[in-house]
Amino acid sequence: MGTRHRPPGNAASDGPLLEADGLEYRQAGQPLVQGYRLRLGRGEIVGLLGTNGAGKTTTLRMLAGVLPPARGRVRVLGHDLREAPRAARQALGFLPDRPPLYDELTVTEYLELAAALRRVPRARRRAAVAGTIERCGLGEVRRRLAGQLSLGYRQRLGLAQAIVHQPRVILLDEPTSALDPAQTHAVRELIRELGREHAVLLSSHLLGEIEALCQRVQILRQGRLVAEHDLPLASGGWLLETAAPVEVARIGAVTGVAAVEADGARLCLRLEAEPERVLADLVAAGIPVRSFAPQGGGLERLFLRQALGEPGEAGAP
Amino acid sequence: MILTLARLELQRLLRAPLAWGLLAALQFVLALLFLMYLDNFLLELQPKLALMKEPVGVTETVIAPTLTWATLLWLAASPLLTMRSLAEERQQGRLDLYFSAPLSITELVLGKYLGLLGFLLIGLLLLAAMLASLSLGTSLDWGRVAGGLLGLFLAVAAFQAAGLYLSARLPQPALAALLGYGLLALLFALWLAGRSQHDPSALFVWLSGVGHFLSLAQGLLRLSAVSHFLLFATLFLALTVHRLDRERNG
């Protein structure tokens with residue numbers, strides 16, 4: 001089954017590149033984020049999901065070393081952000097919710113600045129910038145001023161500054177917000193590619209984005225980490241397609257099927273036994289099964305329940 | 001790293017219409033004042049020089065007052081230059097770029113400050129070229145000219161350090177500029193109050209620094225004046241570093 005609950009803070013397969021423990025941030029005495037934990041490994045893309053104001057940006061800014069946590073610690077490649085700030089920050093790339101661009105600099109000038117700030121050695125800087133420009137699809141605008149770029153290119157340039165020094169850990173705050181579908185697709189492809197070699201934590205309030213990109217999701221609610229799940233998630237329901245029309249009652253009579261509901265041409269089954277066993281019983285009962293798969297939309301249900309506090313359905317994670 | 005940041009700051013200033021406009025306006029006004037003092041020297045003072053016991057030269061009558069005005073005008077222009085340095089970075093969310101990078105706050109502040117000083121140096125070179133043009137017709141007291149230019153540089157540089165601090169403290173550039181003008185007014189008010197005939201205060205005059213820059217503009221390079229401005233600049237740079245460091249590291 002696609003759904004498996006895991007406690008917050010599970011380690012990645014080959015040791016965490018980014019670790020956070022008990023992070024807390026307060027503003028005017030009020031906690032905005034409390035008890036945040038994370039272990040992020042190489043090759044992982046983890047989504048940070050929450051409604052507006054849930055604390056996603058604050059969390060990412062603490063992880064990036066931009067905001068000081070009132071409590072807790074962040075370690076990047078084993079370097080404590082407070083005790084070894086330079087080494088820790090060297091391994092981080094951060095795209096804030098608003099790309100931190102200089103409108104008066106050209107794309108190339110800006111990336112050269114970003115590379116210098118991230119201490120890419122002078123001899124390697126030009127190659128690093130050229131490689132990043134190509135990777136982020138900025139070639140045709142490399143001599144344009146950032147202030148003249150479209151929203152999509154600005155976002156890509158923001159992403160480019162976060163990866164120009166090839167950091168092991170990449171933090172992205174709403175990387176596709178305000179992009180059109182084509183731009184969104186291009187940026188997602190880039191993030192997916194980055195996720196193969198690096199560790200990526202991205203925040204979003206777009207469920208589709210998290211489902212499309214991430215292997216794991218964390219859900220924040222009012223500054224607290226309320227859930228952490230592997231993806232994809234199933235909703236708990238299973239979709240059955242048959243080669244020929246079948247009476248609903250025949251399917252309902254099969255052992256292990258708790259309920260059946262018609263969903264257009266397909267049937268939605270709620271199970272009370274292992275799906276493999278139910279499938280075998282369906283076939284044994286002479287049902288002409290064409291496909292039998294978990295129903296999508298699990299993340300949406302989880303989000304509604306965990307992030308908004310709406311009551312869940314039985315069988316959902 | 002500091003030089004990279006300084007170059008960026010200077011590059012930004014040189015690409016901003018506001019900074020260019022200020023530089024042009026300052027140079028224009030100073031050229032008018034310079035010509036006015038020169039005219040005055042040629043028409044009023046020169047015919048009388050032979051009759052004077054201690055004849056004055058162009059250095060005292062043209063260059064010194066021009067430098068005094070130049071200092072005043074640069075002081076007045078400074079809040080418009082320094083307001084952007086950090087307040088605009090914060091407003092545009094660009095402090096995140098620096099705070100997340102492996103660089104220290106001291107490097108950031110010194111880089112920004114050196115960039116501002118670079119722009120001041122460009123203005124100073126233009127002014128120096130204008131003043132040096134007098135040497136085509138007469139001989140100048142180069143020591144006093146250089147002393148006056150150094151005085152201008154020190155006074156404005158010190159005030160720009162205060163402007164940088166305000167820019168670090170405030171969320172909006174306009175607010176930083178406004179408070180910069182408030183500080184300038186306060187310094188002059190202190191100076192005036194300190195020189196009041198009823199209740200003079202040497203402390204107020206010293207604190208204001210105005211007397212120092214007036215003496216420096218005359219080309220009188222005094223250690224007390226130089227150390228005053230160096231102290232002033234160091235204090236505000238340290239405060240700027242402290243402020244940003246608290247914001248980043250708690």
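Derivation of every value follows stated rules applied to the coordinates shown; laboratory data play no part. Nothing here was measured: the structure is a model prediction, and the numbers come from that model. Using ideal geometry, Cβ is built from the backbone for each residue, glycine included, and neighbour counts are taken over all protein chains shown.
Based on the Kirkwood approach, the hydrodynamic radius assigned to segment A:16-230 is 17.3 Å, with every pair of different Cα atoms included.
Between B:Thr234 and B:Ala76, residue separation times 0.36 nm minus the direct Cα-Cα distance comes to 54.8 nm.
Using only the alpha-carbon atoms, how far is helix A:181-197 inclined from the longest principal axis of chain A? Give it as 0 to 90 degrees, nearest 10. The answer is roughly 80 degrees. Classify segment B:2-249 from the C-alpha gyration tensor, please: rounded if a/c falls under 1.5, else prolate or oblate depending on whether a/b exceeds b/c. Prolate is the answer for segment B:2-249, as a/c is 1.5 or above and a/b outweighs b/c. How far is the Cα center of segment B:146-184 from the Cα center of segment A:211-287, in Å? So the separation of the two Cα centres works out to 67 Å. Looking at the square roots a ≥ b ≥ c of the eigenvalues of the Cα gyration tensor of segment A:237-294, which shape do they give, rounded for a/c under 1.5, prolate if a/b is larger than b/c, or oblate? In terms of gyration-tensor shape, rounded. Hydrophobic long helices, here whole DSSP H runs in chain B with Kyte-Doolittle means of at least 0.0 and Cα atoms spread over 27 Å or more along the helix axis, are found at B:17-40, B:64-83, B:105-132, B:142-169, B:173-194, B:223-249.
By the scheme Lys and Arg +1, Asp and Glu -1, what is the net charge of all other residues having a beta-carbon under 9 Å from that of A:Gly72? Once positives and negatives cancel, what remains is +1. With the radius of gyration and the Kirkwood radius both derived from the Cα set of segment B:16-162, what is their ratio Rg to Rh? For segment B:16-162, the value is 1.12. Across segment A:237-294, C-alpha contacts under 8 Å between residues 6 or more apart give a mean separation that, scaled by the residue count, equals a relative contact order of 48 percent.
A DSSP coil position with no more than 11 other Cβ atoms inside 10 Å describes the following trypsin sites (Lys or Arg not before Pro) in segment B:1-103: B:Lys53. Could you compute the net charge surrounding B:Gly115? Neighbours are other residues with a C-beta less than 9 Å from the C-beta of B:Gly115; K and R count +1, D and E count -1. Charge balance near B:Gly115 sits at +2. Put simply, the amide H of A:Leu17, placed in the peptide plane, has neighbours under 5 Å in A:Leu40, A:Gly41, A:Arg42, leaving out anything fewer than 5 places away on its chain.
Here the average projected area of the convex hull drawn through the C-alpha atoms of the protein assembly as shown stands at 34.6 nm². Counting Cβ atoms of other protein chains within 10 Å of each residue's Cβ and taking the mean over peptide A:94-104 gives 5. The mean count of C-beta atoms from other chains within 10 Å of the C-beta of residues in A:61-69, rounded to a whole number, is 4. The distance between label points at B:Leu121 and B:Leu175 comes to 3.3 nm (points 7 Å beyond Cα on the Cα→Cβ vector).
Here the contact order of chain B, divided by its residue count and restricted to Cα pairs under 8 Å and six or more residues apart, works out to 27 percent.
Within 10 Å of the Cβ of each residue in B:98-108, the mean number of Cβ atoms contributed by other protein chains is 6.
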